[in-house]
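**Q** Questions regarding the structure given below will be posed in turn.
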Amino acid sequence: VLWALTAGGVGAEHTAGMAISNEGGIYVAGTYTSPDATFGSDLLRNTSLQGVGIDTDNTFKRAAYYARDGRWELRTDRDVFLMKVTSSGTVQRARGFGGHGEEAAHGL
């Protein structure tokens with residue numbers, strides 16, 4: 001193993017496809033459900049957030065809805081990401097794509 005990389009947030013992130021660039025880097029496409037997902041120094045915001053509010057401990061909740069049992073629940077749909085990683089394992093650039101509702105990446 002020459003290098004390893006972690007990316008994403010508190011939700012479910014999945015890789016749908018990878019391709020090698022002419023410079024020896026890697027392009028990665030996939031989906032993310034985290035409200036905020038970090039890929040290198042790029043912060044991707046999920047565009048399908050369902051609401052905001054204040055929890056019982058007076059903390060601000062983003063991407064939440066108020067459930068019947070009185071709990072705040074995370075509620076986001078899938079957005080798509082595209083990330084370029086250099087041959088040395090550094091995230092050169094990442095971008096998120098999506099709108100309200102589900103988006104999916106099926107390959108690259």
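**Q** Run the numbers for T86 and D36: contour at 0.36 nm per residue of separation, minus the present Cα-Cα distance, in nm.
**A** 15.7 nm
**Q** Here is a follow-up. Need one number: nm distance between label points at E102 and T15, each 7 Å from Cα along Cα→Cβ, rounded to one decimal.
**A** Once both label points are built, they end up 2.3 nm from each other.
**Q** What ranking of L5, L44, L108 comes out by heavy-atom accessible area, probe 1.4 Å, highest first? Write down the numbers at each step before the final one.
**A** Numbers: L5 70, L44 10, L108 110 Å².
From most exposed to least exposed: L108, L5, L44.
The values are calculated or read from the model by the stated rules, or taken from the named source; none is laboratory data. Everything numeric here is computed off the predicted structure, so don't read it as measured data. With ideal geometry, Cβ positions are generated from the backbone for all residues, glycine too; neighbour counts draw on all protein chains shown. To get the accessible areas, we keep the full protein, side chains included, count just its heavy atoms, and leave off ligands, DNA and RNA. Shrake-Rupley method; radii C 1.70, N 1.55, O 1.52, S 1.80 Å.
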